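These notes concern the structure reproduced below.
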Amino acid sequence: MTDPYEACRLYYQTELASGIERFLEPRRDTCPWCGSASLSIRLRTTDLIQRKPGRFTLEQCGACRHIFQNPRLTPAGLDFYYRDFYDGLGQEQAEKAFAATGRSYRGRVDMIKRFTTPRVWLDVGAGYGHFCRLAREVWPGARFDGLDLSVSVEEAQRRGWIDRSYLGEFVTLVDKLAGRYDVVSMHHYLEHTREPFDELDAAAKILSTGGYLLIELPDPESLLGHLFGRWWLPWFQPQHQHMIPVRNLIQALADRGLSTVAVERGEAHQSVDLFVSLVLALTAIAPDPQLPWLPTRATRVSQIRHTVVWAAGRPLLVIAYLLDNLLGHIVRRTRGGNTYRVLARKDG
Ligand SMILES: [Zn+2]
């Protein structure tokens, strides 16, 4: 059998040989949200998750507090850094992460339940359909469609977790979908997009009057982002292009005829910060030596080092998991969680 890592190695090493500078656009000197030129560096970091090479900077706007990747990735850069994350070599890991998110999924369902009974729902950024799988148990009579840039969404349809899959960019598929949906959801989607205003325009367009848009995003105003620094999962470089303060999102929705009916901050918190920061630290000390984008091939020494470091880290991971849950109990009573949810209704 062909080693899947070895099969990918030629692609990555060829791409890397051409240089990674081409994966970044020129730096912009104004805020993409409000146009202000008052920018400062919020964070400099690297790809702590996959350990692909490259350096990334998040800047913050002094006027509206928006945080964004600057310089941002080119489309070729996005292809390079997303490759083998949600599918290919990364599929198993990504699905494990989605499957462990049940608490958030129930939180989303509960939020919608208080306002409406969905009939036709589009989940934008549906991935493998893990959320829709749960939501359709709650509303068996509703139709669930999923849209994603990754082929994962076709797998979601094959599994029967969604009714119909749309593979591609939301903004280019929008004319096909206009006015069709009474619920549209974007869970951890908008922060990945290059032009979030275009995405919100598209969402407003495909909703029927009185329909609901549910958005869940990492909260850039969380105190945890300051505490954990570059080791905080929600910075998620280089994938996250925009980190949107909640009041900016509410205003952008209002500008599109969508009135916010509910906001959840503490309640939407995901108890992962300590556990994941420890995983990222262990990954930094001993990455999987087989990863095909690393500059050198795996050796006996690098393999032993990986095994030993992760075995030593296991008890610490258990402690981190328990502490995360304890922290979650506290944070859910505050507004300082790592995630927020906004539910908005399309006005008549
Ligand atoms: Zn701004």
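Cut-off under 24 Å on the C-alpha distance; same-chain residues fewer than 8 positions from LYS52 excluded. Which lysines are left, in chain and number order?
Leaving aside lysines fewer than 8 places away in the same chain, those within reach of LYS52 are LYS96.
Let's see if you can work this out: charge +1 on each Lys and Arg Cβ, -1 on each Asp and Glu Cβ, no other charges. What is the dipole magnitude of region 4-91 about its Cα centre, in debye to the nearest 20?
340 debye
How far apart, in nanometres, would the label points at ARG51 and ARG158 be if each is projected 7 angstrom from Cα along the Cα-to-Cβ direction?
Inter-label distance under the simple model: 3.0 nm.
Working out 0.36 nm times the residue gap between ALA7 and ARG119, then minus their Cα-Cα distance, what length gain in nm do you get to one decimal?
Once the chain is fully extended between ALA7 and ARG119, it gains 35.9 nm.
For the chain, give me the percentage of DSSP beta bridges that are antiparallel, rounded to the nearest 5 percent.
Once the DSSP bridges in the chain are tallied, antiparallel ones form about 60 percent.
With θ set to phi - 60°, apply the Karplus curve 6.51 cos²θ - 1.76 cosθ + 1.60 along region 181-193 and write out the HN-Hα couplings as whole Hz, x wherever there is a Gly or Pro.
Whole-Hz 3J(HN,Hα) from phi for region 181-193: 10, 9, 9, 10, 10, 9, 9, 6, 10, 4, 5, 8, 7.
Please work through the chain and write down the cysteines that have no neighbouring cysteine Cβ at a distance under 4.7 Å.
Taking the Cβ cut-off of 4.7 Å, the unpaired cysteines of the chain are CYS8, CYS132.
Taking a ≥ b ≥ c as the square roots of the Cα gyration tensor eigenvalues, with a/c under 1.5 meaning rounded and otherwise prolate when a/b beats b/c, else oblate, which class fits region 67-217?
Oblate, since a/c reaches 1.5 and b/c is not below a/b.
Using mean Cβ contacts within 10 Å as the protection proxy, how do 123-130, 269-276 order, highest first?
Listed from highest to lowest mean packing, they are 123-130, 269-276.
Choose one of LEU134, ILE41, GLY107: the residue whose Cα lies farthest towards the positive end of the charge dipole of region 1-150 (beta-carbon charges +1 Lys, Arg; -1 Asp, Glu; about the Cα centre).
Value: GLY107.
To the nearest 20 Debye, how big is the dipole of the chain about its Cα centre, given +1 on the beta carbon of each Lys and Arg and -1 on that of each Asp and Glu?
Approximately 720 debye in magnitude.
Starting from 0 in steps of 10 Å, tell me what percent of the Cα-Cα pairs of region 4-91 lands in each bin.
In order of increasing distance, the bins hold 15, 41, 28, 13, 3 percent.
Each value in this text was obtained by applying a stated rule to the coordinates, not by laboratory testing. Every value quoted in this text rests on a predicted model; they were computed, and no experiment measured them. Backbone-built Cβ (ideal geometry, glycine too); neighbour counts: all protein chains shown.
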